[in-house]
């Protein structure tokens with residue numbers, strides 16, 4: 001496992017990591033396992049992106065997703081749906097037909 005600050009510093013130790021990260025206002029990652037780093041770089045390359053751009057896009061996608069708690073709350077606010085058919089019976093019929 002090596003310390004990684006950003007794509008251009010792969011494998012280099014950086015004693016000023018926390019200070020630089022605070023000054024830049026961006027999250028940094030250290031102690032990224034080599035296998036994970038290779039995996040992420042491969043995904044970035046397949047997407048035609050730099051590792052930094054790829055990770056930023058992934059983080060944006062994660063940040064825009066609703067959390068499980070938000071989804072539960074949304075479901076609890078909805079009115080119950082009354083089915084016009086017995087879904088359990090339909091599932092049993094389908095399984096019996098196999």
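The values are calculated or read from the model by the stated rules, or taken from the named source; none is laboratory data. A quick note: this is a predicted structure, and the numbers were derived from the prediction, not measured. Heads up, the Cβs are rebuilt from the backbone with ideal geometry, glycines too, and the neighbour counts pull from every protein chain shown.
Can you confirm whether residue 71 is surrounded by 10 or more Cβ atoms within 10 Å (Cβ to Cβ) and within 27 Å of residue 28 (Cβ to Cβ)? Against the criterion (surrounded by 10 or more Cβ atoms within 10 Å (Cβ to Cβ) and within 27 Å of residue 28 (Cβ to Cβ)), residue 71 does not qualify.
Of all the listed residues (56, 82, 51), the sole one being loosely packed, with under 11 Cβ neighbours inside 10 Å and modelled with pLDDT under 95 is 82. Residue 63 falls short on exactly one of the conditions (1) exposed (fewer than 10 other Cβ atoms within 10 Å of the Cβ); (2) modelled with pLDDT under 95; (3) more than 16 Å from the chain's Cα centre (by Cα); (4) in a helix (DSSP H, G or I), and that condition is (3).
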